[in-house]
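> Attaching a single structure in structure tokens format; questions to follow.
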Amino acid sequence: MLIKFGTSGWRGIIARDFTFDNVRLATQGIADYLNSKLEIRNSKQTILGYDTRFLGREFSLAAAEVLAANGFTKPLAAST
């Protein structure tokens, strides 16, 4: 599966392209990148945003789990 990002972010159909597994995969890539850039910093806190679309909160929580497993302290989720 190839995840494509455009100028408006990640676009896909829920349950076909935009799945929990793909959210976790994309989040792991982001965590790897951030960890490579934040090695000398003390704080690794993140803020996640989501909207009211179907399963938005649940997708955000899946991303938060991946970030927490990568050493980010208390990923916060905020509704937008």
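Every number here is computed from the coordinates shown, using simple stated rules; none is lab data. Owing to the predicted nature of the structure, the values given are computational and were not obtained by experimental measurement. Don't worry about glycine lacking a Cβ; one is built from the backbone with ideal geometry, like all the others, and counts go over all protein chains shown.
> Any chance you could run the full-extension gain for Tyr33 through Leu2? It's 0.36 nm times the residue separation minus the Cα-Cα distance, nm to one decimal.
Details: separation 31, 0.36 × 31 = 11.16 nm, distance 1.82 nm.
So the chain would gain 9.3 nm between Tyr33 and Leu2.
> Please list, in chain and number order, the residues 5+ apart from Phe18 or on another chain whose amide H is under 5 Å from its amide H, with Hs placed from the backbone.
Ile13
> First measure r as the distance between the Cβ atoms of Ala68 and Leu25, then evaluate 1/(1 + (r/R0)^6) with R0 = 22 Å and state the FRET efficiency to the nearest 0.05.
Values: r = 16 Å, r/R0 = 0.74.
Calculated transfer efficiency: 0.85.
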